[in-house]
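I have placed the structure first, in the form of structure tokens, so that the comments after it can refer back to it.
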Amino acid sequence: MSADYQVHGSVAVITMANPPVNGLGLATRQGLVDGLLRADADAAVSAIVITGAGSAFSGGADINEFGTDKSAQEPHLLSVIAVIENSSKPVVAALHSVAMGGGLELALGCHYRIAAPSCRIALPEVKLGLIPGAGGTQRLPRALGVEAALNLIVSGESVNSEMIGALPGQKLLDKLSTSAQALAAEALAFAQGVAAARPLPLVRNLPCRHPEGQAYFQFARNMVKGMSRNFPAPALCVDAVEAATRGPFADGMQIERAIFMKLMQTPESRALRHLFMAERAASKIPDVPSDTPRRDIRAVAVIGAGTMGGGIAMNFLNAGLPVKILEMKPQALERGLATIGKNYEAQVKKGKLTQDKYQQRMALLSTTLDYADIRDADLVIEAVFEDLGVKESVFRQLDAQMKPGAILASNTSTLDIDKIATFTGRPQDVVGMHFFSPANVMKLLEVVRGKATAKDVLATVMAIAKKIRKTAVVAGVCDGFIGNRMIEQYSRQAGFLLDEGCTPEQVDKAIEKFGFAMGPFRMGDLAGNDIGWAIRKRRAVERAEMKYSRTSDKLCELGRFGQKTAAGWYDYQAGKRDAIASALVHRMIEEHRQQLGITPRKIADEEIVQRLVFALVNEGARILEDGIASKSGDIDMVYITGYGFPMHRGGPMRYASELGLFNVVQAMGRFARNPHDDAAFWQPAPLLARLAAQGKTFN
Ligand code: T1G
């Protein structure tokens, strides 16, 4: 039973009980209807209160039921609200903590609402590629006013109940920290107070007009144009709210329903619902129970005040944790501190940070040259030069100096955490925390689990990641972990496409049209082409069999590292394609024609996108088989939050599943015949081949 029923005096209290946030799943909807009908039939009951147990009134429709029969099964949420509106007795919603989506729609169907001022209310359906589907686009404009309601519906953002004043028929409690018990007592008293009031007020009967009607909605449509580029829902939110001002309530409800059902079937909504669940699933490590004890992190140390070290430090300062930066080179320390200060001052200038908060954060920051000064830190993160020898000397020092139980983390992006752990006598305390540059901005954090990494270390790092507002994904130890191991294959295909006749602009434009923030060549110029060059040199020694285009290396031999040298694949002084890079590409095409017999050809954008994205998918499938990632959703989270993969596609693995894995494998068979002797790579990973043959998708 997902709703409890109790009678207090003459008031029936129906309490939703579907942890963790009282999602309005089938059992909860049935429990609500049973309770409402029972109260309506009980002559001793004069009023009814609906509330939620635990930490929410309701987080809305149960997202776990989306795409299943249960979500459409009666009693539908629309039917529950109809029972409320047809009740012969007043129904009062007692709102606390969170009333979102269908939860707020349920409350708007009630005759009265009593709310703790701190209760967060929202109609966040647009963030799932939907619009509210249980009357929210019709009732909220009536309750709140058209403009305030449309802003909430299109943004999907939450506001505190107190910020929107008292909804009609709502009593806003004046206590800032109303406990659930106090709210319950207030709700009982309120319900008794309105028990005899007639007629019962219904939000649906309130007028809904906008004085400038057509002009306002045209303005609204222009305002949502930007966010509608890849998502149909924002513009349709405007249509649904406009319908509320145009005619009878019932007509508006029909329009809302039609739009909602259409959006439920869109790939964009499936992608966003997938990412909502994938983000939460990523924080769960299959063999680390959620109640694993965590180590207390009260103070953090960062080794190295370079770009990464400074950015990493800011994450913890922002979360209110004291940070001590250890840096041996005074100039580097000076530069690092200056960068931190500049970053905060920029936020103050943009009004994103108050001067006080800036000062508070800087007061938590200290520096030292001496390892003995950081020995009491609970977590130390090294962000020194990416060289195993340098890491070794740092970790030997940390092992000697740090207090027992301190977590020793490395920000390495490619080196072997198991190897680094051997530089200490406490491998169980060693873990990778791979931040992405700029570390204070990028949401992704790859948590690299060594063979010896203790489970409580992992549980602690995942919890601290949430505290510093990072999306943490656990990766096993391999070259490049998850993200960089996959991006290597993506970059290989980008190079081969040049050698087969594409230009850097064509490749960049094609994948940017697909939705990537930046194509591979523009990205290389931004990050520095020399970084990939150094990694390829190292790999050429370790994995000579790995074939890749030499064009990038030739560009680096010309010193064209990208923006940092004012030219790379593009000329940043002239702001156009770079003549030298273009000449190099043409020369390499000729070289490949003569040496490898590759005949340059015109390559369609579709093939460009498939070669780049399916390279990610195939390597991602191998990463799953190797146990480097535990879930395909984790791989999607890595690419969405760390590599600019377009959200409306849901991530590489989700996108492949949406296309159909059979079609992906078919395309890979065609690419295996490309002239780079790349057939071995395009052999579908066994997991991918198996799922494709079974007509299945990644989980
Ligand atoms: N259904 C099922 N489970 C949900 C859920 C939901 N709506 N919302 C959250 N959870 C789970 C989540 O998966 C996690 O589970 C736990 O709750 C804590 O979540 C008809 C159709 C409510 C503000 O979009 O914004 O109503 O990992 O880590 O930071 O028009 O969750 O612990 O097993 O996010 O305290 C609209 C989405 C649905 C709200 C709480 N509702 N949820 O935040 O915890 S569509 C939403 C949130 C709809 C109607 C339409 C947040 C939260 P686990 P959490 P939090």
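The values are calculated or read from the model by the stated rules, or taken from the named source; none is laboratory data. Fair warning: this is a prediction, and the values are worked out from it, not measured in the lab. Quick reminder, even Gly has a Cβ in these numbers, built from the backbone with ideal geometry, and neighbours come from all protein chains shown. Side chains included, ligands, DNA and RNA excluded: accessible areas come from the protein's heavy atoms. Shrake-Rupley method; radii C 1.70, N 1.55, O 1.52, S 1.80 Å.
Charged neighbours of Gln355, selected by a Cβ distance under 14 Å, balance to +3 (K, R count +1; D, E count -1).
What is the antiparallel percent of DSSP beta bridges lying wholly in the range 3-264, to the nearest 5?
Details: 8 of 28 bridges.
Restricted to the range 3-264, the bridges split so that about 30 percent are antiparallel.
Roughly what angle does helix 455-467 make with the longest principal axis of the chain, taking Cα atoms, 0 to 90 degrees, to the nearest 10? Approximately 70 degrees, to the nearest ten. In order along the range 419-435, the phi-based Karplus estimate (6.51 cos²θ - 1.76 cosθ + 1.60, θ = phi - 60°) of 3J(HN,Hα) comes to 5, 4, 4, 6, 7, 10, x, 9, x, 5, 9, 9, 8, x, 10, 8, 7 Hz; Gly and Pro are listed as x. Annotation: amide H of Val474 within the under-5 Å range of Val447, sequence separation 5 or more or interchain, hydrogens built in the peptide plane. Mean sequence separation of contacting Cα pairs (under 8 Å, at least six apart), scaled by the length of the range 565-664, corresponds to a relative contact order of 15 percent.
In this structure, the pairs whose alpha-carbon distance is over 30 Å, taken from Lys443/Lys554; Lys324/Lys350; Lys329/Lys451; Lys403/Lys537; Lys352/Lys403; Lys127/Lys602, are Lys443/Lys554; Lys329/Lys451; Lys403/Lys537; Lys352/Lys403; Lys127/Lys602.
Report the GluC sites (Glu not before Pro) located in the range 180-242 that are in a DSSP loop and have at most 14 other Cβ atoms inside 10 Å of their Cβ, or state none. Intermediate results must be reported in sequence, preceding the final value.
Numbers: sites: Glu186, Glu212, Glu242; in loops: Glu212.
Here the sparse-neighbourhood loop sites are Glu212.
For the chain, calculate the relative contact order in percent as a whole number, restricting contacts to Cα pairs under 8 Å that are 6 or more residues apart. Spell out each step's value before the answer.
Values: 1300 pairs, mean separation 61.8, N = 699.
With pairs under 8 Å counted, the relative contact order is 9 percent.
For the chain, the residue among Gln254, Met277, Ile84 whose Cα projects farthest onto the positive side of the dipole built from Cβ charges is Gln254.
Under the convention that each Lys and Arg Cβ holds +1 and each Asp and Glu Cβ holds -1, the size of the dipole of the chain around its Cα centre is about 580 debye.
Is the chain rounded, prolate or oblate when judged by the Cα gyration tensor, a ≥ b ≥ c being the square roots of its eigenvalues, rounded requiring a/c under 1.5 and prolate requiring a/b larger than b/c? Taking the square roots of the gyration eigenvalues as a ≥ b ≥ c, the chain is prolate.
DSSP bridge analysis restricted to the chain gives an antiparallel fraction near 30%, rounded to the nearest 5. Summary of the geometry: the range 404-460 and the range 79-109, compared by the centres of their Cα atoms, lie 47 Å apart.
Quick check: residue separation of Ala185 and Asp356 times 0.36 nm, minus the Cα distance between them. What number comes out in nm?
Details: separation 171, 0.36 × 171 = 61.56 nm, distance 3.95 nm.
Net length gain for the segment: 57.6 nm.
Each peptide among 440-451, 66-77 gets the average number of other Cβ atoms lying within 10 Å of its residues, and from highest to lowest they stand as 440-451, 66-77.
Here the range 300-475 carries DSSP beta bridges of which approximately 15% are antiparallel, counting only pairs with both residues inside. Highest-first packing order for the peptide set 379-386, 573-580, 31-38, 637-644 is 637-644, 379-386, 31-38, 573-580, based on the mean count of other beta carbon atoms within 10 Å. Roughly what angle does helix 483-499 make with the longest principal axis of the chain, taking Cα atoms, 0 to 90 degrees, to the nearest 10? Computed tilt is about 60 degrees.
Can you tell me the order of 497-508, 611-622 when each peptide is scored by its average per-residue count of other Cβ atoms within 10 angstrom, highest first?
Numbers: 497-508: 21.8, 611-622: 25.8.
So the order, starting with the most tightly packed, is 611-622, 497-508.
Okay, helix-only estimate at 222 nm for the chain: each DSSP H run of n ≥ 4 adds -39500 (n - 2.57), divide by all residues, round to 500 deg cm²/dmol; what do you get? Could you put the intermediate results ahead of the total?
Details: 28 runs with 336 residues, N = 699.
Helices in the chain give a 222 nm mean residue ellipticity of -15000 deg cm²/dmol.
Computed extension length for Arg280-Met518: 83.0 nm, one decimal, from 0.36 nm per residue of separation with the Cα-Cα distance subtracted.
The range 608-634 and the range 286-350 have their alpha-carbon centroids 31 Å apart. The overall shape of the range 186-300, judged from the alpha-carbon gyration tensor, is oblate: a/c is not under 1.5, and a/b is no greater than b/c. Each of Ala409, Ala17, Asn230 was placed along the dipole of the chain (beta-carbon charges, centred on the mean Cα), and the one lying farthest toward the positive end is Asn230. The angle between the Cα long axis of helix 307-318 and the main principal axis of the chain comes to about 20°, on a 0 to 90 degree scale.
Find the relative contact order for the range 316-383 and round it to a whole percent, using C-alpha pairs within less than 8 Å whose residues are 6+ positions apart. All intermediate terms of the calculation are to be shown ahead of the outcome.
Numbers: 43 pairs, mean separation 34.2, N = 68.
Rounded, it is 50 percent for the range 316-383.
For the pair Arg229 and Asp291, label points projected 7 Å from Cα toward Cβ lie 4.8 nm apart. Of the residues Asp636, Asp376, ranked by 1.4 Å probe accessible area with the largest first, the sequence reads Asp376, Asp636.
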